[in-house]
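Since the structure comes first, as structure tokens, the remarks are kept for the end.
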Amino acid sequence: MKINILKTADEIGEAIGKIFCDYVNEKPNAVLGLATGASPVPTYNYIAKQCKEGKVSFKDVTTFNLDEYCDLPKKHANSFYSFMVDNLFSKVDINFDNINFLDGNTDSVDESARYAKAIKDANGIDVQLLGIGRNGHIGFNEPADEFTDEAFKVKLTDSTIEANSIYFTDIAMPHYAITMGIGSIMRAKSIILVATGESKAEAVKAMIEGEVTPKCPASILQQHEDATIFLDEAAASLLKK
Ligand code: F6R
């Protein structure tokens, strides 16, 4: 694991955004794994700006998002699909046919097989962007007894429901989601995780300095050969070194 500690969320967004843009300039048909939530927003802002200025094109890029709520229409304002359209897809020149999302409103077993095949047909994910939950989740792989492999339907924990409920004002937050499994995340050729703020410090410590355990799903990244972690000082504050 490579660890980078920077001062602000914007600096981190610029650093990660630059990695993505350089990658796409090098390989215009790159396959990118994307995350939602607050953590990747500065990265998406940087990419959108670069695209607007003609410094990168997402025309031939393919994307796979990590997760989606169950029992929520795809285009509902609170869906992760809408989040991605608002924060990135509407701001870059991506072909919407190349955007891949898990469907939380269909049979999860069939959906898992469909997503696994789509990722395989795309020759795998080149760079996977991740955030981390306060409980150490990546995607919506909540703390569990075993590491998962392909996508599956998950009951969200109270910690995740509490963290994400703030986004739901008109309706109650769904308690189930469908998420890429740990295996599908770990098969990405390169992984970049971003964590900012004090609320992530415990999870960051467990991910980097703790044992590799499904009780802290992000700890598995210790075993990835190309995982880079971007932290601000608050998120890094409990690290020993
Ligand atoms: C989102 C996702 C989650 C978030 C995590 C952190 O697609 O998979 O694992 O990355 O919950 O969320 P924020 O960034 O909002 O703190």
Can you pull out the residues in the stretch 1-49 that are within 23 Å of Met186 (Cβ to Cβ), without any contact (Cβ under 8 Å) to a residue 40 or more places away in the chain and open to solvent by less than 10 Å² (accessible area, probe 1.4 Å)? Val24
Members of the stretch 36-56 found to be more than 13 Å from the ligand (Cβ to nearest atom) and not in a loop (DSSP other than H, G, I, E, B), listed by number: Asn45, Tyr46, Ile47, Ala48, Lys49, Gln50, Cys51, Lys52
So is Tyr167 within 15 Å of the ligand (Cβ to nearest atom), over 27 Å from Ala9 (Cβ atoms) and touching a residue at least 60 places away in the same chain (Cβ under 8 Å) or not? no
Odd one out for Ala163, checked against (1) modelled with pLDDT under 95; (2) of a type in the set (A, V, I, L, M); (3) in contact with a His (Cβ under 7 Å, 6 or more places away or on another chain): (3)
Is at least one residue of the stretch 79-93 modelled with pLDDT under 95 and over 20 Å from Pro214 (Cα atoms)? no
Are there any pairs with C-beta distances below 9 angstrom linking a residue in the stretch 127-138 that is over 18 Å from Thr62 (Cβ atoms) and of a type outside the set (A, V, I, L, M, F, W, C) to a residue that is within 6 Å of the ligand (Cβ to nearest atom) and in a strand (DSSP E or B), with the two at least 6 apart or on different chains, and if so which? Gly131/Ile138
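The rows are residues; the columns are (1) touching a strand residue (DSSP E or B) at 6+ places or on another chain (Cβ under 8 Å); (2) farther than 21 Å from Met180 by Cβ; (3) of a type in the set (Val, Ile, Thr).
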{"residue": "Asn4", "(1), (2), (3)": "yes, yes, no"}
{"residue": "Glu14", "(1), (2), (3)": "no, yes, no"}
{"residue": "Ile19", "(1), (2), (3)": "yes, no, yes"}
{"residue": "Leu32", "(1), (2), (3)": "yes, no, no"}
{"residue": "Ala38", "(1), (2), (3)": "no, no, no"}
{"residue": "Val56", "(1), (2), (3)": "no, yes, yes"}
{"residue": "Lys59", "(1), (2), (3)": "no, yes, no"}
{"residue": "Leu66", "(1), (2), (3)": "yes, no, no"}
{"residue": "His76", "(1), (2), (3)": "no, no, no"}
Restricting attention to the stretch 75-88, and to residues there that are in contact (Cβ under 8 Å) with a residue 24 or more places away in the chain and not in a loop (DSSP other than H, G, I, E, B), which single residue is nearest to the ligand (Cβ to nearest atom)? Phe80
Give the number of residues within the stretch 57-74 that are outside any loop (DSSP other than H, G, I, E, B) and closer than 28 Å to Ala172 by Cα. 5
Which of the residues belonging to the stretch 50-68 are touching a residue at least 40 places away in the same chain (Cβ under 8 Å) and not polar (S, T, N, Q)? Cys51, Phe64, Leu66, Asp67, Glu68
Starting from residues that are in contact (Cβ under 8 Å) with a residue 12 or more places away in the chain and acidic (Asp, Glu), keep the ones in the stretch 139-164 and report whichever is nearest to the ligand (Cβ to nearest atom). Glu142
Answer yes or no: is there a residue in the stretch 19-35 that is in a helix (DSSP H, G or I), within 16 Å of the ligand (Cβ to nearest atom) and of a type outside the set (A, V, I, L, M, F, W, C). no
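The values are calculated or read from the model by the stated rules, or taken from the named source; none is laboratory data. Remember, it's a predicted structure, so these values are computed and weren't measured experimentally. Cβ coordinates were reconstructed from backbone atoms using ideal geometry, including for glycine residues, and neighbour counts include every protein chain displayed. In case anyone asks, the SASA skips ligands and DNA or RNA and just uses the protein heavy atoms, side chains included. Shrake-Rupley method; radii C 1.70, N 1.55, O 1.52, S 1.80 Å.
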